């Protein structure tokens, strides 16, 4: 396995790890799929559409997102937002992320 | 085909693989999202969306089967931890079945090339194709194991097992000792089984069927009896110790190999029983015992672990 191959796979693993947290963080208010993808990309975390759209459905099935069809300036769109369980999950994951992030910062600090 | 047709075909290919109750809703949403993505691409490139642009976008989106799978919770039939064991057992099992089938087919006299090809054809249909039950049975076994592991995770917690541990403890060893003693009793004179069950009133043909040939009784039979008898002091020592020590295991392995060799000698030698039917059945059972014993020894050898660092010698000398 070449260096670029190894880097690509390991970076993919890292991105997978933060995917759910990033998505939940942008659904405090209602958003539809394409809008959410744009919001994530604008903040520096582009996610492939083939990954993000199914993820929204899975999170809804897991009971952390609510969704509804609405018509606002265009065709009908399905809007997603956190429900009460989703907000609790976001809080827990955020705390966990901050803890890990701090630890990683300390680990990666050069002597 | 225009861009809309391409998206429609893609959405249909994804949706058809989804559960019926969510299929139409997901298809409607996916189509709207893909149209929006395509429009953004067209706007970005400064040209009108066409079929080529839609195909490029959808190829990046993923294979319809992959995308459909992402919409559903991951379904694991065989746990990743069992993947290697599943492949290994499948390959070993198939090789054993195919080899035994080939031996059975080629065992009959073959007079010509045509007969050889017919035998190979029969081996293919009766053994190779029929052997697919084996990976199927393994898949079911590992699927049940995976389900059990997820359903009752605590029952699967690792527990230490002492070296030389005997499943069933001393009781199992005592039962083994009784079994060996009975085996020796029957090996000495198999007709006693008829006396034990029918009180000496079994048909004369039955007694004749279980009569050893004189050659076997005075040659291979004696050796086999002695080799089986060595298990008695070995099992007695294991019962006293409550476990198998390394020395006992070594003696047992050597005894098993010697017994296999003696059985192979008996099978390859002259008749064991006077009656051909009893003789061929006994030899078949002996071959089966040899195969199972060697398999068990092979598995034990394969599972043997001796913690040793790699290349220690070269590092020390280097």
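Just so it is clear, none of the values below were taken in a lab; they were calculated from the coordinates. From a predicted model like this one, the values you see are computed outputs, not experimental measurements. Neighbour counts are summed over all protein chains in view; Cβ atoms, including those assigned to glycine, are modelled from backbone coordinates with ideal geometry.
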Using a Förster distance of 35 Å, how high is the FRET efficiency between residue B:275 and residue B:241, based on the Cβ-Cβ distance and rounded to 0.05?
-> 0.20
For a quick protection proxy, order the peptides B:223-236, B:73-86 by their average other-Cβ count within 10 Å, most packed first.
-> B:223-236, B:73-86
Taking the alpha-carbon set of segment B:139-297, what are its Rg and Dmax in Å?
-> 20.1, 60
Ignore the peptide's own chain and count Cβ atoms of other chains within 10 Å of each Cβ in B:24-33; give me the average, rounded.
-> 5
Would you kindly compute the Cα radius of gyration of segment B:3-73 and its largest Cα-Cα separation (Dmax), both in Å?
-> 12.3, 39
Shape metrics for segment A:8-84, restricted to C-alpha atoms - Rg then Dmax, Å = 12.7, 41
Per residue of A:52-58, count partner chain C-beta atoms within 10 Å of its C-beta, then hand back the mean as an integer.
-> 6
Take every Cα-Cα pair in the protein assembly as shown and report what % of them are more than 33 Å apart.
-> 64
Which whole number gives the average, over all residues in B:62-72, of C-beta atoms from other chains lying within 10 Å of the residue C-beta?
-> 3
Two decimals is fine: what is log10 I(q)/I(0) at q = 0.16 Å⁻¹ for segment B:80-156, from a Debye sum with one equal scatterer on every Cα and no solvent?
-> -0.67
Note down the relative contact order for chain B as a percent, whole number, built from C-alpha pairs under 8 angstrom at least six residues apart.
-> 13
Full extension from residue B:25 to residue B:225: what is 0.36 nm times the residue separation minus their Cα-Cα distance, to one decimal in nm?
-> 64.5 nm
With only helices counted (DSSP H, runs n ≥ 4, each -39500 (n - 2.57)), the per-residue ellipticity at 222 nm for chain B, to the nearest 500, works out to -23000 deg cm²/dmol
For residue B:178 and residue B:88, what is the calculated FRET efficiency with R₀ set at 35 Å and r taken between the beta-carbons, to the nearest 0.05?
-> 0.50
Quick one: among B:46, B:101, B:221, which has the greatest mean-square fluctuation in a GNM of chain B with alpha-carbon springs under 10 angstrom?
-> B:46
So what is the relative contact order of segment B:147-231, in percent, for Cα pairs below 8 Å that sit 6 or more residues apart?
-> 28
Quick one: check the C-alpha center-to-center distance for segment B:1-36 versus segment B:203-230, whole angstrom.
-> 76
Convex hull of Cα atoms in chain B, direction-averaged projection (nm²) = 33.9
Given segment B:128-174, what whole percent of its Cα pairs are spread farther than 14 Å?
-> 70
Find the relative contact order for segment A:3-108 and round it to a whole percent, using C-alpha pairs within less than 8 Å whose residues are 6+ positions apart.
-> 25
Report the calculated FRET efficiency for residue B:55 and residue B:17 (r = Cβ-Cβ distance, R0 = 22 Å), to the nearest 0.05.
-> 0.65
Any idea how far apart residue B:1 and residue B:292 come out in nm if each label point goes 7 Å out from Cα toward Cβ?
-> 5.9
What is the spin-label model distance, in nm, from residue B:171 to residue B:306 if the labels are put 7 Å beyond Cα along the C-beta direction?
-> 3.7
Which order, highest average first, do B:167-176, B:263-272 follow once you tally other Cβ atoms within 10 Å for each residue and take the mean per peptide?
-> B:263-272, B:167-176
Expressed to two decimals, segment B:45-204 has a Cα Rg over Rh, using the Kirkwood radius, of 1.23
